[in-house]
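The values are calculated or read from the model by the stated rules, or taken from the named source; none is laboratory data. Nothing here was measured: the structure is a model prediction, and the numbers come from that model. Cβ placement follows ideal geometry from the backbone for every residue including glycine, while neighbour counts extend to all protein chains displayed.
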Amino acid sequence: MSVRIFSASLSGIDAKLVEVEVDSSPGIHSFSIVGLPDKAVQESKERIGSAIKNSGFLPPKSKTKKVIVNLAPADVKKEGPSYDLPIAVGYLFETKQVKFDPESRLLAGELSLDGRLKPTNGILAMAILAKARGIKEIIVPLANTGEAAVINGVKVIGAETLANVLAHLNKTSIIAPSTHKTQASKPVIAGDSFVSIKGQEYAKRALVIAAAGGHNMLMDGPPGSGKTLLAKALVDILPIMSLEEAIEVAKIYSSLGLINSNDPLSFQRPFRNPHHTTSAIAVVGGGSYPRPGEISLAHRGVLFLDELPEFPRSVLESLRQPLEDGMVTIARASGSVRIPAKFMLITAMNPCPCGNYGSQNECLCLPYHVLKYKKKVSGPLLDRIDIQVTVPRETINEDDSVLEENSAKLAEIKRKIAKAKEIQLDRFGGLKIFSNSEMNYKNVEKLALSEKSAKLMLKKAINKHGMSLRAYHKTLKVARTIADLEESETVKEQHIAEALAFKVRANNEVV
Ligand SMILES: Nc1ncnc2c1ncn2[C@@H]1O[C@H](COP(=O)(O)OP(=O)(O)O)[C@@H](O)[C@H]1O
Ligand SMILES: [Mg+2]
């Protein structure tokens, strides 16, 4: 008689239901797995044979039986070692070495030869799937219980070994379900690097606005002026994530096995800082089994591209679509996979290859080289950046006594940003928008609530500088965030004025 066990496969970051069917018939011993398994799944039969034997049960090789395992649906490629557990349990169930009700359970996990269950990727997505399908219990490796338990409404059984799983199913030693105390939000302990950066008040103000409204930002300035320092200090002031956001992010990290099992649900926004030599696939995501790249690991957080012009053009161009859609679409012959990638892009660059162009020091570059360097960053990408600031070299003249006030200053900045975030969430409730930067051209006019005089001022400035309609919308969005930081209901002239300043760079270039 054939049996059926539920498991799941990972497609991008989402889990899909897979039925593991096991059937055996008398004959010369054989064990085959069908249903488009990859190498890791094929090798599963070797692993589970040893694991079953070392758990004190009779492995397939001990019987003269022809065993066939089918992974359905048969036309979806199956990847990875997560089918070890359901195949082993399916075999033991079919040979009546274990008795249980397979209908209301989902199993996944990699087995080691001695029968231990190893950490497996994508368990959080599988828990989400189980809940959606009304499956009551999910049996996973102990190391993955924390992430699965984040999902309420599914009993999560974390087992250390195959023998433990069988004892649980046979009801000889039942494993208690794991629970996760999900808090709506948890305070994040941040450093104080933001306030300990000396001077640079203008750039810091821009960072506060960017953090509050989720705006993309470009910093340009000579080397050593503190651009990298400023960008990294952003971590200290980012608002914490909502529960919904934290689960979205955890799902992406889970698919790559990057969840910290002691603290499975982090409310701290991710900050990713890929080097410019990182390959396009590693940045954007992809591969024959599409996996999230850096831009998805930065989902709901920050993607920091330092030395922007050093990145290959192909990498920068591939950011355009995700910046627009908040998703990356990876097309494969077997179908396309969509992975969330809604990130805040923070970039830094020097004004020219030697770094001195526009400063008091002598620039050693030929005009052609300056132009070539600038042109590496394309117009359409710059178009998606809301805030541009020039970071000049600071003069050192501060005394250190101000450091005392730093913690109070940081607390005040964080309070303002948190309040601005709250105002935005209230405003966009139900629209699936989390920050001002996500307003699109259709709803920005309606949602920005700008005063007549403010709008008139913006229109005049746009016409005067010959800016695009996109620039108009971007300025309005930034002005909305500035108004939110002040807890002002409407966008006023002073908010527009400050937002406009972020569009005109030091050398009077208008973007
Ligand atoms: N405003 C500042 N306050 C404190 N240290 C600074 C500041 N600006 C620059 N530095 C110092 O200069 C170093 C270089 O800064 P960095 O951020 O790497 O510059 P950039 O990225 O602009 O080339 C920092 O590691 C820090 O020691
Ligand atoms: Mg730098």
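If a residue must be in contact (Cβ under 8 Å) with a residue 60 or more places away in the chain and assigned to a loop (DSSP other than H, G, I, E, B), how many such residues does region 98-124 contain?
Residues flagged as in contact (Cβ under 8 Å) with a residue 60 or more places away in the chain and assigned to a loop (DSSP other than H, G, I, E, B) within region 98-124 amount to 12.
Can you name every residue in region 50-88 that is under 30 Å from the mean Cα position of the chain (by Cα), over 20 Å from K99 (Cβ atoms) and either assigned to a helix (DSSP H, G or I) or not assigned by TED's automatic domain parsing to the domain that holds G12 (or both)?
Scanning region 50-88 gives a single hit, D84.
Enumerate the pairs (first residue in region 300-328 and not assigned by TED's automatic domain parsing to the domain that holds K375; second residue anywhere and within 16 Å of ligand 1 (Cβ to nearest atom) and hydroxyl-bearing (S, T, Y)) with beta-carbon separation below 8 Å, excluding pairs fewer than 6 apart on the same chain, so at least 6 apart or on different chains.
none
Of K477, K446, which residue is over 24 Å from G301 (Cβ atoms) and either outside any loop (DSSP other than H, G, I, E, B) or in contact with a Pro (Cβ under 9 Å, 6 or more places away or on another chain) (or both)?
Of the residues listed, the single one that is over 24 Å from G301 (Cβ atoms) and either outside any loop (DSSP other than H, G, I, E, B) or in contact with a Pro (Cβ under 9 Å, 6 or more places away or on another chain) (or both) is K446.
If the requirement is being at negative phi and either small (G, A, S) or surrounded by 19 or more Cβ atoms within 10 Å (Cβ to Cβ) (or both), which of these qualifies: V89, V76?
Working: V76 fails: either small (G, A, S) or surrounded by 19 or more Cβ atoms within 10 Å (Cβ to Cβ) (or both).
Exactly one residue qualifies, and that residue is V89.
Tell me whether region 20-29 contains one or more residues that are surrounded by fewer than 22 Cβ atoms within 10 Å (Cβ to Cβ) and hydrophobic (A, V, I, L, M, F, W, C).
Yes, there is a match, as at least one residue in region 20-29 is surrounded by fewer than 22 Cβ atoms within 10 Å (Cβ to Cβ) and hydrophobic (A, V, I, L, M, F, W, C).
Please find, within region 30-49, the residue that is surrounded by the most Cβ atoms within 10 Å (Cβ to Cβ) out of those that are touching a Leu at 6+ places or on another chain (Cβ under 8 Å) and assigned to a loop (DSSP other than H, G, I, E, B).
Ranking the qualifying residues of region 30-49, first place goes to G35.
Is region 220-227 home to any residue that is hydroxyl-bearing (S, T, Y) and in a helix (DSSP H, G or I)?
no
Mind listing just one residue for me: the one in region 339-366 that is in a loop (DSSP other than H, G, I, E, B), closer than 30 Å to S437 by Cα and within 13 Å of ligand 1 (Cβ to nearest atom) and, of those, modelled with the lowest pLDDT?
Among residues in region 339-366 that are in a loop (DSSP other than H, G, I, E, B), closer than 30 Å to S437 by Cα and within 13 Å of ligand 1 (Cβ to nearest atom), the one modelled with the lowest pLDDT is P351.
Which one of F194, F271 is over 30 Å from G286 (Cβ atoms) and within 16 Å of ligand 1 (Cβ to nearest atom)?
Just a single option satisfies the conditions, and that option is F194.
Looking only at region 336-354, which residues are touching a strand residue (DSSP E or B) at 6+ places or on another chain (Cβ under 8 Å) and surrounded by fewer than 20 Cβ atoms within 10 Å (Cβ to Cβ)?
S336, R338
So that you can scan it fast, the table gives a plain yes or no per residue for (1) closer than 25 Å to R415 by Cβ; (2) polar (S, T, N, Q); (3) part of a helix (DSSP H, G or I):
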| residue | (1), (2), (3) |
| --- | --- |
| H215 | yes, no, no |
| V235 | yes, no, yes |
| M241 | yes, no, no |
| N260 | no, yes, no |
| H275 | no, no, no |
| A282 | no, no, yes |
| S288 | no, yes, no |
| S296 | no, yes, yes |
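Report yes if some residue within region 205-225 is over 18 Å from K477 (Cα atoms), of a type in the set (K, R) and surrounded by fewer than 22 Cβ atoms within 10 Å (Cβ to Cβ); otherwise report no.
The answer is no, given that none of the residues of region 205-225 is over 18 Å from K477 (Cα atoms), of a type in the set (K, R) and surrounded by fewer than 22 Cβ atoms within 10 Å (Cβ to Cβ).
Check L207 against each of (1) among the aliphatic types (A, V, I, L, M); (2) within 30 Å of A143 (Cβ to Cβ); (3) in contact with a strand residue (DSSP E or B) (Cβ under 8 Å, 6 or more places away or on another chain) and name the one condition it does not meet.
(2)
For region 288-347, how many residues meet the condition of being within 15 Å of the chain's Cα centre (by Cα) and among the β-branched types (V, I, T)?
5
Identify the single condition in (1) free of Cβ contacts under 8 Å to residues at least 40 places away in the same chain; (2) assigned to a helix (DSSP H, G or I); (3) surrounded by fewer than 17 Cβ atoms within 10 Å (Cβ to Cβ) that G430 does not satisfy, given that it satisfies every other one.
G430 satisfies all of (1) free of Cβ contacts under 8 Å to residues at least 40 places away in the same chain; (2) assigned to a helix (DSSP H, G or I); (3) surrounded by fewer than 17 Cβ atoms within 10 Å (Cβ to Cβ) except (2).
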